Amino acid sequence: MWGGRFAAQPSDIMQSINASIDVDRRMVLQDIAGSRAHADMLAETGIISEEDNVAIQDGLDQILEEVKAGTFPYRVELEDIHMNIEARLKELIGAPAGRLHTARSRNDQVVTGFRLWTRGAIGEAARALSALQRILLTRAAEHADTIMPGFTHLQTAQPVTLGHHLLAYVEMIERDKARLLGAASRANESPLGAAALAGTGFPIDRDMTAEALGFDRPMANSLDAVSARDFALEALAALSIAATHLSRLAEEIVLWTSAQFGFARLSDEWSTGSSIMPQKRNPDAAELIRAKAALIAGQFASLQGAVKALPLAYAKDLQDDKRLTFEAFDTFDLCARAMAGMMETIAFDKANMRAAAAKGYSTATDLADWLVRELKLPFRDAHHVTGRIVAMAEADGIGLEALSLNSMQEVEPRLTDAVFSVLSVEASAASRESYGGTAPVRVKEQIELWNKRLGLEATS
């Protein structure tokens, strides 16, 4: 396709390192769409005849049918999907195929297809995240008042509700979606017509091709159009953050399903066994999500490394942008679907979670708050008094609620029986009624707000 300048064929090794058809064949539909729009524009502006355009469109129809049927003849020697389609088009329709490449270059052609593909992949990722949100919301509604320990430093801190805990991930995922969709909006400019790097002398209509392909506008600078990959970088950065959130939830699944925690049990379809230990139920999918989050972060870093030192405009370094981006989105899709499957079927052990929440003096802050409210102690003084009472209970090996009033009055004589009303884990959680708090009443309010936001039916 470009052999006029050369007297010899590239070596086998050169052909192997240069070819990208094994990767960019995934953009076949996007390349066909770009070629359709380009040919229509060439005909509309009089650059090619309508007769040639009809032949080109018919040929592209035939290629599309071959792609769908799995009979399209992909050839490594033609390097990439763009030259494969052009060569096949020439075999099908002859001379008019040679006019399709008028006023464009592979440089603007490839990045047009890549932007179209990335835009679609972002939409699919956002839909997968919405599906996971709906599952988390359903489980949160089931457990709006289920007590569990809240942790800081992985040490028992204060009682929270499981519904509140799950809603935290609903919030995170909504930000993930916003980042992805924001990246899609900034990617939605058309590079088609920038040609190799300087634009073209043909009287093309870039607004026409941009509109035909669903772009918001044509890119305003031809050098930027063919060389920019920040749209892919931004998409992978957003994807990496989203994968990090999946990894955090995966880590909690690993902890919760361990014998040491005993908070939850994965279903058989989301558990694996051991080749030597018959009792084992391993959370392999969750562990793999943790690892794959690192892979996605690595793909972002690899693309950033490939782009960071490139002068304008195009360089062949950019050929691997698609491999990295395709693999990252494939990996993320698998992780999102696996997480949805686990969270939909995981069974929570309310009794174990409640028992764990009652350990570690998790209601100590409630005692301090009671001292502030009822005895008007400054919080720092209340904190000190509570610390002494906790130490007393710890020395006796009992919980705060089991300590006698007389014992507590040795530290603060003004304490009354009323203090016991705040020392249960249920009372503690229920008292956290501030906006965004863990109280079941607030959790249920948030669930209903999210129902409306995600278009779900009321869950209560």
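The values are calculated or read from the model by the stated rules, or taken from the named source; none is laboratory data. The model shown is predicted, which means the values in this text are computed figures rather than measured ones. Neighbour counts run over all protein chains shown; Cβ positions are idealised from the backbone, glycine included. Areas reflect the complete protein model, heavy atoms only, side chains present, ligands, DNA and RNA absent. Shrake-Rupley method; radii C 1.70, N 1.55, O 1.52, S 1.80 Å.
Scanning region 332-343 for residues that are in contact with a Lys or Arg (Cβ under 8 Å, 6 or more places away or on another chain) and either free of Cβ contacts under 8 Å to residues at least 60 places away in the same chain or of a type in the set (D, E, K, R) (or both) turns up just one, Leu334. Does region 100-113 contain at least one residue that is surrounded by fewer than 18 Cβ atoms within 10 Å (Cβ to Cβ) and part of a helix (DSSP H, G or I)? No, region 100-113 contains no residue that is surrounded by fewer than 18 Cβ atoms within 10 Å (Cβ to Cβ) and part of a helix (DSSP H, G or I). Could you figure out which of (1) open to solvent by 20 Å² or more (accessible area, probe 1.4 Å); (2) modelled with pLDDT under 95; (3) of a type outside the set (Lys, Arg) isn't true of His384? Here His384 meets the rest and fails (2). Pairs linking a residue in region 217-246 that is under 19 Å from Val111 (Cα atoms) and in a helix (DSSP H, G or I) to a residue that is open to solvent by 10 Å² or more (accessible area, probe 1.4 Å) and hydroxyl-bearing (Ser, Thr, Tyr), with Cβ atoms under 7 Å and 6 or more positions apart or on different chains, are Val226/Tyr314; Ser227/Tyr314.
Condition check: open to solvent by 30 Å² or more (accessible area, probe 1.4 Å) and either under 33 Å from the mean Cα position of the chain (by Cα) or closer than 21 Å to Glu211 by Cβ (or both). Does Gly46 satisfy that? Spelling it out, Gly46 is indeed open to solvent by 30 Å² or more (accessible area, probe 1.4 Å) and either under 33 Å from the mean Cα position of the chain (by Cα) or closer than 21 Å to Glu211 by Cβ (or both). Just one residue in the set Gly163, Gly199, Gly182 is more than 29 Å from Glu445 (Cα to Cα) and at pLDDT 95 or above; that residue is Gly199.
In this structure, Arg337 does satisfy being in contact with a helix residue (DSSP H, G or I) (Cβ under 7 Å, 6 or more places away or on another chain), assigned to a helix (DSSP H, G or I) and either acidic (Asp, Glu) or open to solvent by 10 Å² or more (accessible area, probe 1.4 Å) (or both). Looking at (1) open to solvent by 50 Å² or more (accessible area, probe 1.4 Å); (2) under 20 Å from Ala228 (Cα atoms), find the lone condition where Gly273 falls short. The number of the failed condition is (2). Output yes when any residue across region 100-122 is farther than 30 Å from Val54 by Cα and not polar (S, T, N, Q), and no when none is. Taking every residue of region 100-122 in turn, at least one turns out to be farther than 30 Å from Val54 by Cα and not polar (S, T, N, Q).
Scanning region 109-137 for residues that are polar (S, T, N, Q) and either under 20 Å from the mean Cα position of the chain (by Cα) or at positive phi (or both) yields a count of 3. For the condition over 30 Å from Ala128 (Cα atoms), touching a Gly at 6+ places or on another chain (Cβ under 7 Å) and not aromatic (Phe, Trp, Tyr), Ala395 does not qualify.
Considering Glu401, Glu412, Glu448, the condition of being open to solvent by 30 Å² or more (accessible area, probe 1.4 Å), under 27 Å from Arg373 (Cα atoms) and either of a type in the set (Val, Ile, Thr) or outside the structural domain of Arg134 (by the TED database) (or both) is satisfied by Glu401 alone. Which one is least open to solvent (accessible area, probe 1.4 Å), of the residues in region 422-441 that are farther than 19 Å from Phe151 by Cβ and without any contact (Cβ under 8 Å) to a residue 40 or more places away in the chain? Here the residue is Ala430.
Among the criteria (1) touching a residue at least 40 places away in the same chain (Cβ under 8 Å); (2) among the small types (Gly, Ala, Ser); (3) closer than 21 Å to Gly150 by Cβ, the one Ala328 does not fulfil is (3). Within region 347-373, if we keep just the residues that are among the aliphatic types (A, V, I, L, M) and buried (at least 20 other Cβ atoms within 10 Å of the Cβ), the residue that is farthest from Thr161 (Cα to Cα) turns out to be Leu371.
Where helices (runs of 4 or more DSSP H) fall entirely within region 1-91, those with at least 1 residues that are modelled with pLDDT of 90 or more and either more than 19 Å from Phe114 (Cα to Cα) or aromatic (Phe, Trp, Tyr) (or both) are at 28-44, 50-69.
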